[in-house]
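The values are calculated or read from the model by the stated rules, or taken from the named source; none is laboratory data. The shown structure was predicted, so the numbers you read here are calculated from the model rather than taken from an experiment. Virtual Cβ from ideal backbone geometry, glycine too; neighbours counted across all protein chains shown.
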Amino acid sequence: MKVIIFCGGKGTRLREETEFKPKPMVEIGGRPIMWHIMCRFAHYGFKEFVLPLGYRGDVIKQYFYDYKMRNSNFSIDLSSGELTVHSLDENTDWKITLCDTGEETEKGARVKRVAEHLGDGPFMATYGDGVADIDIGALLKFHREQGRMGTFTGVRMPSRFGTVSTDESGNIESWEEKPLLNQFTNCGFFVFQPEFLDYLTTDESCDLEKAPLQRLAREGQLSMYRHNGFWQCMDTLRDYMLLNKLWDKGQAPWLNFSKEESDVR
């Protein structure tokens, strides 16, 4: 099963990091956030990735073109050019297809434009700027059990601010600091049947979350997998600092696996 990771956005709210590189290349602990996302999928055996490129896609192409040398120890004989690799990064069995899909293209059109690389079966997709400790195996099992055309992962986000409830006289009934919101937010980690491609067009204005997914919902063909664990996007400098702080403390839940999760490998 192929995994699409969206890589085309400009990341304007993280301009401190994205002026010269796309947001999926912003680093956590010295590695692009996209690498962290791919590690999560690869742990469950999904190692074939399709990357629809847009803004500064050349940076992503160059990173993977140089990946072997970046992550290996090697010797080089400058007189002959002979190269001897001594050790390889453990993540050398991934297969990655990189496709230019246009700088201004919306995500739905990006999926349609890479359709020829997805094969004939179901495929997964996620955003290139969010990490989670999601159980990919459980997500896929849920999708199959629901029998619908699409599944997305929903999380309950904490409010950015504290909330206060009062009665009509202004007496405080409750005070909560950054409570979890009652509604769910789409955090990506999609599974789609191949028929979903018929809901998309190559027109650059075809946005995944608008007409295509709204149509699936109306037709009763969309399910939500509830994720109650960790999820964090890298949308702002504050998010960037938070994720790197977790990494520096050795508290990166998106790369920590329980025994049950490790048994799927």
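Give the residue, chosen from T105, T153, that is β-branched (V, I, T) and part of a loop (DSSP other than H, G, I, E, B). Spell out the reasoning first.
Numbers: T153 fails: part of a loop (DSSP other than H, G, I, E, B).
After applying the criteria, what remains is T105.
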Kindly list the number of the only condition in (1) touching an Asp or Glu at 6+ places or on another chain (Cβ under 6 Å); (2) under 17 Å from I33 (Cβ atoms); (3) among the basic types (K, R) that fails for R70. (1)
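In the list S72, S79, which residue meets the criterion of being loosely packed, with under 13 Cβ neighbours inside 10 Å and either in contact with a strand residue (DSSP E or B) (Cβ under 6 Å, 6 or more places away or on another chain) or at pLDDT 90 or above (or both)? Don't jump to the end; show me each part of the working.
Working: S72 fails: loosely packed, with under 13 Cβ neighbours inside 10 Å.
Testing whether each residue is loosely packed, with under 13 Cβ neighbours inside 10 Å and either in contact with a strand residue (DSSP E or B) (Cβ under 6 Å, 6 or more places away or on another chain) or at pLDDT 90 or above (or both) leaves just S79.
Any idea which of T105, T92, T101, T84 is among the hydroxyl-bearing types (S, T, Y), closer than 24 Å to T126 by Cα and in contact with a strand residue (DSSP E or B) (Cβ under 6 Å, 6 or more places away or on another chain)? Steps first, answer last, please.
On the way: T105 fails: in contact with a strand residue (DSSP E or B) (Cβ under 6 Å, 6 or more places away or on another chain); T92 fails: in contact with a strand residue (DSSP E or B) (Cβ under 6 Å, 6 or more places away or on another chain); T84 fails: closer than 24 Å to T126 by Cα.
Of the residues listed, the single one that is among the hydroxyl-bearing types (S, T, Y), closer than 24 Å to T126 by Cα and in contact with a strand residue (DSSP E or B) (Cβ under 6 Å, 6 or more places away or on another chain) is T101.
Yes/no matrix, rows are residues, columns are (1) under 22 Å from G130 (Cα atoms); (2) acidic (D, E); (3) part of a helix (DSSP H, G or I); (4) touching a Ser or Thr at 6+ places or on another chain (Cβ under 8 Å):
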position	(1), (2), (3), (4)
G9	yes, no, no, no
E16	yes, yes, yes, no
V59	yes, no, yes, no
K68	no, no, yes, yes
I76	no, no, no, yes
D93	no, yes, no, no
T97	yes, no, no, no
Return yes or no: is F41 more than 25 Å from D248 (Cβ to Cβ) and either surrounded by 16 or more Cβ atoms within 10 Å (Cβ to Cβ) or under 19 Å from the mean Cα position of the chain (by Cα) (or both)? no
If we keep only residues of segment 18-34 that are assigned to a helix (DSSP H, G or I) and in contact (Cβ under 8 Å) with a residue 40 or more places away in the chain, then the residue farthest from D133 (Cα to Cα) is K23
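Residues of segment 1-23 being within 13 Å of the chain's Cα centre (by Cα) and modelled with pLDDT under 95, which ones? Let's see the steps before the verdict.
Going through segment 1-23, the residues within 13 Å of the chain's Cα centre (by Cα) turn out to be 3-9, 23.
The answer is C7, G8, G9, K23.
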